[in-house]
Amino acid sequence: MGGSDLTMRGRHGDAFSTYKRTVLRDYVNSHKDGASGHLLNGVGKDLGNPSWRRSLPHVLVAALSSFLFGYHLGVVNDTLESISLDLGFSGNAMAEGLVVSTCLGGAFIGSLFSGWIADGVGRRRAFQLCALPMIIGALMSAATNDLWGMLLGRLFVGTGMGLGPPVAALYVAEVSPTSVRGTFGSLTQIATCLGLMGSLFIGIPAKEVTSWWRVCFLVSVIPAVALALLMQFCAESPHWLFKRGRAAEAETEFEKILGGLYVKSAMAELSKADRGDEVDTVKLSELFYGRYCRMVFIGSVLFALQQLSGINAVFYFSSSVFKSAGVPSDIANICVGICNLSGSVIAMILMDKLGRKVLLLGSFLGMAVSLGIQVAAASSFASGSVSSYMSAAGMLLVVLAFALGAGPVPGLLLSEIFPSRIRAKAMAFCMAVHWVINFFVGLFFLQLLEQLGPRVLYTIFAAFCLIAAAFVKRNVLETKGKSLQEIEIALLPQE
């Protein structure tokens, strides 16, 4: 049985290789007159760019996972007080911290396995698997009568939260035409902002209405069910299908997302980048040495610096900064949300015009300057009211600068620079790094603030922003206007 299985696999591999050579030869022959420029996500320049309208619905459904991610990130902000009163752990700082951090623990687990899930069952099924724990966890949290039920529900939700973003980044990069890949990649960041703002708006009555927090959890089941059902009608990633040797199905999906005119060139482009090693499984050790090591290093450092820029600490701490400036917390949350959303929309417009690298550089430098304003506000020369207004303005500018580049770009950039063979698993590893650092920043921020004071702490964050800008300048490749295959061929050293 084992022998015949190997023979079958050998035949399948031969047939697939022959298919790839045929596709490439057909495409080259049909363009011998030299009219075609380089290919754009399977697009000959003479054909122009494929319409973005075909792939947009698929990208919007995928963005639901980012909306859920943002929603669950913010859902306990306004409701934590009433949850603790209802479930009987009011005043227990440890228990309140666990309600927030259990979710992060679950997200770490989800992100760690996301690559293996996305490669094993495909991108569409991975989205449906991400929705499942979010539905179960939200229902458990909404129905629970004790702390343990809440924590278990948050752990389930966290697993889905960890699985969603890396799969969304992969899927959007793989189904978007090159000309709008940056714009579509930014849609996931906008969806996250909308999720965060949605949770804040729905949480407003929580302070007055007893048990309103249960409604806040229940509401999140609707987008999760929508994600699971609508994904059934979306295209599977042609890159994943091609990697699995299912070339005919990849053609069908390309037709769905690009249009019939562009199928041949898209398949030829995939064949060009494929070095015949696609059907093998990727070992974890391959990510840390050999030809993939440098890319994984760049990805991990980018995500680490994104968190060390202090953005989450700024989010956690925003309410108290605004309170000292005399701004009520709900208005403060709305201001932060509007800055976040505005920055993300501007980034979406500029992503395919200015490019990823320019936005990243500008974003980290802008954050360093904004954190400098915070440092000045915390210094002794600023008087009380001036200091609190400067601090609030600095905080809003940090959020705006972050949303312009450091927020949306790393996820998009990494899904572009990782070669097809390791893309899902490398994204999973980098997202896991992101969650670990996020967890520790959240854990130690308040203690460090008490021991070091805001001036020293914001100076440290500003220094990390400057380090990040220098790292981007030196190591990041511009991917604007290049197809995923062109990026792969440019970046990957030949064996």
Inset, instruction - Take the Cα atoms of the range 297-407, build their convex hull, and give its volume per residue in Å³. - result: 92
Inset, instruction - Would you compute, for the Cα atoms of the range 115-207, the largest minus smallest coordinate along each principal axis and list the three values in descending order, in whole Å? - result: 49, 33, 13
Legend entry - Total charge dipole magnitude, the chain, about the Cα centre, Cβ charges on Lys, Arg, Asp, Glu only, Debye to nearest 20: 980
Inset, instruction - Skip the ligands, DNA and RNA, and give the accessible area per residue of the range 168-243 with a 1.4 Å probe, whole Å². - result: 31
Inset, instruction - Find the eigenvalues of the gyration tensor of the Cα atoms of the range 139-273, then list the square roots of 5 times those eigenvalues as equivalent ellipsoid semi-axes, largest first, in whole angstrom. - result: 40, 16, 12
Inset, instruction - Just tell me, in residue order, which DSSP H segments of the chain are both 30 angstrom or longer along the helix axis (alpha-carbon based) and at least -1.0 in mean Kyte-Doolittle hydropathy. - result: 2-30, 52-87, 93-121, 123-143, 147-175, 181-202, 329-354, 356-378, 423-475
Inset, instruction - Report, in whole Å, the centroid distance computed from the Cα atoms of the range 453-474 and the range 80-101. - result: 33
Legend entry - Cα-based convex hull, the range 161-235, per residue volume (Å³, whole number): 92
Legend entry - Separation in nanometres of the label points that stand 7 Å from Cα toward Cβ, at Ala393 and Leu60: 4.0
Legend entry - Exposed chymotrypsin sites (Phe, Trp or Tyr not before Pro) absent: longest stretch of the chain, with sites in DSSP loops and at most 14 other Cβ within 10 Å deemed exposed: 1-287
Inset, instruction - Calculate the length of the line joining the C-alpha centroid of the range 104-123 to that of the range 163-239, in whole Å. - result: 17
Legend entry - For Kirkwood radius over Cα pairs in Å, calculated from these coordinates, the label among [x] 23.6; [y] 30.7; [z] 28.4: [x]
Inset, instruction - Over the residues of the range 353-495, compute the C-alpha Rg and express it relative to 2.2 N^0.38 Å. - result: 1.25
Legend entry - Kirkwood Rh and Cα Rg combined as Rg over Rh, evaluated for the range 43-113: 1.30
Inset, instruction - Largest first and in whole Å, give the semi-axes of the range 36-172's equivalent ellipsoid, each being the square root of 5 times a Cα gyration tensor eigenvalue. - result: 39, 14, 11
Inset, instruction - Quickly estimate the mean residue ellipticity at 222 nm for the chain, helices only: each DSSP H run with n ≥ 4 gives -39500 (n - 2.57), and the total goes over all residues, rounded to 500. - result: -26500 deg cm²/dmol
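The values are calculated or read from the model by the stated rules, or taken from the named source; none is laboratory data. Everything numeric in this text was worked out from a predicted model, so none of it was measured. Cβ sites come from the backbone with ideal geometry, for glycine too, and all protein chains shown count toward neighbours. Calculation scope for accessible area: heavy atoms of the full protein, side chains included, ligands and nucleic acids excluded. Shrake-Rupley method; radii C 1.70, N 1.55, O 1.52, S 1.80 Å.
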